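This report refers to the structure that appears directly beneath it.
Each reported figure results from applying straightforward, stated rules to the coordinates on display, with no laboratory input. These figures come from a predicted structure and were not determined experimentally. Note that we place each Cβ from the backbone using ideal geometry, even for glycine, and neighbour counts take in every protein chain shown.
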């Protein structure tokens with residue numbers, strides 16, 4: 001398998017936050033417009049640092065058994081021959097083989113003329129595929145967080161539950177015409193049996209309809225999830241925070257991810273039925289705050305001349321050859337790994353927030369990834385990395401989902417500035433996890449080799465026993481067959497002189513026969 005290329009990263013000082021440029025597909029839902037931008041990069045949906053973290057997770061690089069033969073497209077593989085040891089993803093592909101085989105992807109209008117594919121297959125199996133895939137990923141990464149009181153943990157788990165969600169498009173504008181979902185990714189608590197919280201919905205193609213209608217149905221589901229997010233927030237109606245809603249969809253064997261961004265100013269205006277002023281530019285204020293936080297003692301350019309003689313007291317080092325280098329208070333350079341990592345993370349977050357440039361208060365943008373064919377080896381690996389990165393992001397405490405924000409506000413976590421390519425990760429913990437994963441993978445390979453060896457020995461023994469039974473059966477048939485010729489003519493001809501060679505014994509006569517002149521004679 002060709003090694004997937006790492007996800008592209010945003011340069012620490014790259015301030016290119018230009019809006020999405022390709023032509024969108026507009027869908028109207030109850031006086032609300034959704035603009036869908038398809039085939040977007042994953043960096044526009046999930047912050048790049050979580051994509052890098054998922055890319056460097058060893059389990060996401062491991063091949064599924066179905067791709068070990070070297071086939072790039074494994075649709076024709078025999079699922080029944082799956083390894084009995086390495087059973088990861090076996091349920092995914094067993095269920096995937098029952099799904100409809102659409103000739104076109106959803107973005108190419110594959111849901112418009114698909115009645116034959118839906119009738120001759122099991123459309124409901126698509127929800128089971130996503131459920132099995134998310135279950136495998138959850139067991140693989142085993143990502144759990146501690147509750148605010150320290151008495152329990154919470155984690156993400158899929159739910160195979162179909163429900164028709166209610167959504168609002170304004171104050172007292174309630175609708176219940178959304179399609180039924182194919183499942184949910186929920187937030188569960190353990191060991192207490194608390195109520196399950198829905199984090200993101202799952203959608204699949206189960207009926208024939210045009211692309212615009214299918215996208216409108218997905219937007220209705222996302223509006224319903226937005227309503228669930230806002231229920232858990234204590235904010236007043238005119239001060240609702242920014243929210244984002246994710247949706248996982250499956251069209252046959254093609255998986256995609258959607259992200260809708262709802263600015264707080266817009267949803268507050270719809271809720272209060274009045275114009276809420278827009279907040280100031282997020283990027284400029286956040287960048288200025290980050291630059292001041294990572295190097296607080298570095299003076300501005302207007303103060304450098306005044307304190308040129310005492311530059312060292314403010315972290316300024318002069319050099320006639322290379323110019324001026326600002327230094328951090330501890331003596332480290334401002335452009336070090338730690339400071340640049342913080343700047344880059346803030347820029348990535350700001351870029352995602354700045355993707356909404358619609359002035360109309362009733363217009364929202366929905367970004368969708370490209371479709372990943374799960375039968376394709378490269379697409380399957382990328383889809384797994386995407387879902388792993390999504391779970392990393394959701395449980396990081398920075399996701400703008402009301403349900404998660406309510407949970408993380410009770411137990412404030414430190415800002416997550418860790419990244420696989422920076423020096424801020426806990427190296428011993430990460431190295432131990434990598435060694436544990438590699439050791440587990442080696443154990444899988446050893447068990448599989450031992451199982452194949454045992455199966456080969458058992459097959460050889462079975463073949464030998466079969467040959468012995470056949471040889472014994474043939475020999476027994478020959479022995480029995482030797483008596484079949486006992487009454488043939490040539491047998492009688494051979495033994496016709498039996499009376500001469502083997503005369504019959506004569507019975508001695510009695511006393512009566514020896515009496516001469518017997519009356520009866």
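Counting other Cβ atoms within 10 Å as a rough exposure proxy, the listed residues 101, 256, 229 run 101, 256, 229 from fewest neighbours to most. Sorted fewest first by neighbouring Cβ atoms within 10 angstrom, 471, 190 come out as 471, 190. Scaled to the globular estimate 2.2 N^0.38 Å, the Cα spread of the range 159-253, given as radius of gyration, is 1.17.
With the simple model of a label 7 Å out from the Cα in the direction of the Cβ, residue 164 to residue 227 spans 1.2 nm.
Kindly put 69, 135, 204 in sequence by how many other C-beta atoms sit within 10 Å of each C-beta, fewest to most. Lowest count first: 69, 135, 204. Segment residue 145..residue 453, full-extension length gain: 106.7 nm, with 0.36 nm per residue of separation and the alpha-carbon distance subtracted.
Between residue 466 and residue 196, the contour length at 0.36 nm per residue exceeds the alpha carbon distance by 91.5 nm.
Orientation-averaged projection of the range 112-189 equals 8.6 nm² [convex hull of Cα atoms, one quarter of hull surface area]. Size descriptor for the range 80-131, Kirkwood hydrodynamic radius: 12.3 Å (Cα pairs only, one decimal).
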